[in-house]
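The values are calculated or read from the model by the stated rules, or taken from the named source; none is laboratory data. Because the structure is a prediction, the values reported are computed rather than measured. Cβ: placed from backbone, ideal geometry, glycine included. Neighbour counts: every protein chain shown. Note: areas computed on protein heavy atoms with side chains; ligands, DNA, RNA excluded. Shrake-Rupley method; radii C 1.70, N 1.55, O 1.52, S 1.80 Å.
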Amino acid sequence: MAEKLKIKLSIADRVYPLTINPDQEEGLRKAAKKIDAMIKQFEQSYAVRDKQDVLAMCALQFAAQVEQKTIDKEDDMVNVANRLNALSDLLYDHLS
């Protein structure tokens, strides 16, 4: 079992100490950078004074992206299934 790694992430001008598996470090650091970039974008685009409001908007944005990817993946699976069925029908007709 891999040893745990202690890191500190800065998000919204706060430092969060975490104990993680080493294979999680890159993803967590990238996520923290994305959150900070999104915070800056919201603060520049809107007159927001409360960090909590900005963080809530970031959370909504990320959750919406995840949900949209799930929807897109489901649509892709339906399209693949339809194409496979069409190919199967063509093969069946050809071999009959």
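Miscellaneous remarks
- Positive minus negative residues near R14 (Lys, Arg vs Asp, Glu; Cβ under 13 Å): 0
- Cβ-defined net charge surrounding F42, 13 Å radius [Lys, Arg +1; Asp, Glu -1]: 0
- Dipole of the chain [Lys/Arg +1, Asp/Glu -1 at C-beta], most positive-end residue of S10, A32, A59: S10
- Computed over the chain: relative contact order in percent, which uses C-alpha pairs under 8 Å that are six or more apart: 16
- In the context of the full set of protein chains, the chain has a per residue accessible area of 88 Å² (1.4 Å probe).
- For the chain, taking Cα atoms only, Rg and Dmax work out to 22.1, 71 Å respectively.
- Cα gyration tensor shape for region 3-44, rounded if a/c is under 1.5, else prolate or oblate: oblate
- Highest-fluctuation residue, I71, I39, I11 considered, GNM on the chain with Cα pairs under 10 Å: I71
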